[in-house]
């Protein structure tokens, strides 16, 4: 196979196999009956295909970039972000997560009996005494509590 023919794989690209499984779960867009629209239904810009939207969302989430940095090949960044918010509110991503868990459990197995959570969201009680003052504050003559008017 030539290099030009070989399709490159990126972690945000949706495979055909995965797309077939999740396509039916994507929330349908419906017009708000309480809103007055400028154009009649079916007029105006064509919507971005849902697969391309999902690939754009995965691109942003995988790369950690800003929505405005989304490449144009995925559509307008504001539109993709709007789809993301609508799908999030509809529970689409929770459904994907649950499907992934079920698939992984069937494929590899999840030990549901043994669970562990580890984490802390507070300051270390004796941290400053052991490590010293914050490096950005070292060498400053004034104290943190002093305020200037």
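Each value in this text was obtained by applying a stated rule to the coordinates, not by laboratory testing. Since the structure is predicted, the reported quantities are computational estimates derived from the model, not experimental observations. Positions of Cβ are backbone-derived with ideal geometry, glycine not excepted, and every protein chain shown enters the neighbour counts.
Inverting the mean 1/r over all pairs of different Cα atoms, compute the Kirkwood radius of the stretch 52-123 and quote it in Å.
One over the average 1/r among Cα pairs gives 14.8 Å for the stretch 52-123.
Sorted by mean Cβ packing within 10 Å, highest first, what order do the peptides 46-54, 59-67, 28-36, 76-84 take?
76-84, 46-54, 59-67, 28-36
Assuming R0 = 25 Å, can you tell me the calculated FRET efficiency for the pair residue 17 and residue 68, based on Cβ-Cβ distance, to the nearest 0.05?
After rounding, the FRET efficiency stands at 0.20.
If I stretch the segment between residue 46 and residue 25 completely, what's the gain in nm (0.36 nm per residue apart, minus their alpha carbon distance), one decimal?
Length difference between fully extended and current span is 5.5 nm.
With labels modelled as points extended 7 Å from the Cα through the Cβ direction, what inter-label distance (nm, one decimal) is found for residue 98 paired with residue 79?
Modelled inter-label distance: 3.1 nm.
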